[in-house]
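Following: one structure in structure tokens, then a few remarks.
What follows is calculated from the coordinates using simple rules that are stated; it is not laboratory data. Because the structure is a prediction, the values reported are computed rather than measured. Neighbour counts are summed over all protein chains in view; Cβ atoms, including those assigned to glycine, are modelled from backbone coordinates with ideal geometry.
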Ligand SMILES: Cc1cc2nc3c(=O)[nH]c(=O)nc-3n(C[C@H](O)[C@H](O)[C@H](O)COP(=O)(O)O)c2cc1C
């Protein structure tokens with residue numbers, strides 16, 4: 001039994017600077033879902049796998065489970081507003097968003113994303129109050145730009161990035 005408090009946990013995890021993603025999917029009825037997520041990681045090169053950890057209370061959870069596909073949209077530094085939008089519980093998060101259907105999965109691809117990884121779900125693992133979605137990467141897109149970062153509860157950007 002851990003004696004670490006929730007605040008201690010949040011403070012130490014928040015010390016790890018993360019890129020910001022919006023994970024999207026589309027369900028059987030064609031409804032689009034998306035949530036902001038920093039708990040994303042590359043997992044394996046061969047086969048190409050990544051993972052995203054989704055809160056069990058997330059509205060998008062069932063759609064992710066049943067569609068068995070998702071797209072990870074890696075946000076660029078001027079997409080803070082988009083990050084907050086997809087972190088909200090609005091009913092139709094895609095109203096007014098000019099997304100496109102990903103070629104490999106049909107999942108929504110957000111305009112301006114720095115990188116996109118379209119994935120098929122190959123595993124869903126338990127992870128405390130989250131579920132870990134393991135995705136096999138089926139298609140990728142990479143664009144020019146700088147990443148949006150999240151660190152210690154605030155957004156930030158790199159100040160000396162060259163590529
Ligand atoms: C910067 C940031 C990072 C977040 N990272 C995650 C995450 O990794 N996993 C998660 O489940 N929720 C994360 N959230 C919270 C979800 O985006 C939020 O709960 C959202 O309302 C879920 O949308 P949904 O309920 O429509 O699925 C994050 C929020 C912010 C602002």
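The label-point distance for residue 46 and residue 92, in a model that sets each label 7 Å from Cα toward Cβ, rounds to 4.8 nm.
Centre-to-centre separation between the Cα atoms of region 27-75 and those of region 98-163: 9 Å.
Subtracting the Cα-Cα distance of residue 3 and residue 162 from their residue separation scaled by 0.36 nm leaves 53.0 nm.
Suppose R0 equals 41 Å. What FRET efficiency, 1/(1 + (r/R0)^6) with r the Cβ-Cβ distance, do residue 100 and residue 12 give to the nearest 0.05? Intermediate values should be presented prior to the final figure.
Values: r = 38 Å, r/R0 = 0.93.
Efficiency, rounded to the nearest 0.05: 0.60.
In the chain, Cα pairs under 8 Å separated by at least six residues give a relative contact order of 27 percent.
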